[in-house]
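Asker: Handing you a structure now.
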Amino acid sequence: MDVKRVKDYLYWLYYQYSLITCSYVLEPWEQSMFHTITVTVLAMVVYTAYVFVPIHVRLALQFFSQIFGLQPDSTV
């Protein structure tokens, strides 16, 4: 892959992000605060999904296997 193309693509993504969030109209210190809060919220959402989604999927599969009469394999 060409480094220049990757750099241009990342710049384009950041430009799209700035347009969508209208952060280009903020002052520099406001931009840094906005980006910090956005990254923090995004990190919290990803962490929460990583921790809690597998537990909920396992519990849902366990619930539906009991409803439809499927018995889990015995570990003994």
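Asker: Using 0.36 nm per residue of separation minus the Cα-Cα distance, give me the extension gain between Val25 and Phe63 in nm, one decimal.
Answerer: 8.7 nm
Asker: Within segment 3-68, what whole-number % of the accessible surface is contributed by carbon and sulfur, with the 1.4 Å probe and all protein chains included in the calculation?
Answerer: 75 percent
Asker: State the dimensionless ratio Rg/Rh of segment 3-68 (Rg: radius of gyration of Cα atoms; Rh: Kirkwood radius).
Answerer: Answer for segment 3-68: 1.28.
Asker: Taking only Cα atoms, what is the 0 to 90° angle, nearest 10, from helix 3-21's long axis to the longest principal axis of the chain?
Answerer: 90 degrees
Asker: Per residue, how large is the accessible surface of the chain? Use a 1.4 angstrom probe and give square angstrom.
Answerer: Here the residues of the chain average 95 Å² of exposed surface.
Asker: Rounding to the nearest 10 and keeping the result within 0 to 90°, find how far the Cα-based axis of helix 28-67 lies from the longest principal axis of the chain.
Answerer: It works out to around 10 degrees.
The values are calculated or read from the model by the stated rules, or taken from the named source; none is laboratory data. No experiment lies behind these values; they were computed from the predicted model shown. In case anyone asks, the SASA skips ligands and DNA or RNA and just uses the protein heavy atoms, side chains included. Shrake-Rupley method; radii C 1.70, N 1.55, O 1.52, S 1.80 Å.
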